[in-house]
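The values are calculated or read from the model by the stated rules, or taken from the named source; none is laboratory data. Only a predicted model underlies this, so the values are computations on that prediction, with no experimental measurement involved. Counting neighbours? That spans all protein chains shown, and the Cβs are built from the backbone with ideal geometry, glycine included. Quick note on the areas: whole protein, heavy atoms, side chains included, nothing else; ligands and nucleic acids left out. Shrake-Rupley method; radii C 1.70, N 1.55, O 1.52, S 1.80 Å.
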Amino acid sequence: MKSKFQQLYIPLIVLFGLVNTICFLLKDALKLKGIDPMMVVGANTLLFLICTFSIRSQIKSANNTNPHAMVRGVMGSVVLKLFVLGTAAFIYLYNVGEAQSVNGIFVSMGLYIIYTWLEVKMAMQIKPTKKDGSN
């Protein structure tokens, strides 16, 4: 039987793979639209890693006796994701200079919303286990 994390992880893998595949296959078309595909892949990777960490911590907090631990976990991961991506965008804009891809940043912001929605949806599926290990 698959663990709870493995069951929840499948949509993240699908989204991560789909975005990266689109970026690599449609690289030239994205560049014509003013979107840097490598920047989008980088943002996608950051979001994927943060979501993975977040889901692991939410599964752990679901077994906490404090009922507010799960809410704090979800809100903390959203804030963490926002700050990490904000810092990454600032570093990107500072280092790239004139060759910046504003449209790529907007795509990354859209990915942020999708990953956050997916994370909250997965958090709603986490059920706390009782002390004896049953649901």
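Structure data summary
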quantity: Which labelled figure in (1) 33, 16, 9; (2) 30, 20, 13; (3) 21, 18, 14 is semi-axes √(5λ) of the Cα gyration tensor in Å, once derived from the coordinates; calculated: (1)
quantity: Helix 4-25 axis, angle to the chain major axis (alpha carbon atoms, nearest 10°); calculated: 10
quantity: Leu25 accessible area, assembled protein chains, probe 1.4 Å, Å²; calculated: 140
quantity: With every protein chain in place, the chain: carbon and sulfur % of accessible area (1.4 Å); calculated: 70
quantity: For the chain: lysine pairs under 28 Å (alpha-carbon distance), excluding those fewer than 8 apart on one chain; calculated: 24
quantity: Mean ellipticity per residue at 222 nm, deg cm²/dmol - from DSSP H runs of n ≥ 4 across the chain, formula -39500 (n - 2.57); calculated: -27500 deg cm²/dmol
quantity: Ala62-Asn20 pseudo-label distance in nm [points 7 Å out on the Cα-to-Cβ vector]; calculated: 2.5
quantity: Contour minus Cα-Cα distance for Ile114 and Arg72 (0.36 nm per residue); calculated: 13.1 nm
quantity: Distance between modelled label sites at Asp28 and Val102, nm, 7 Å Cα→Cβ extension; calculated: 2.7
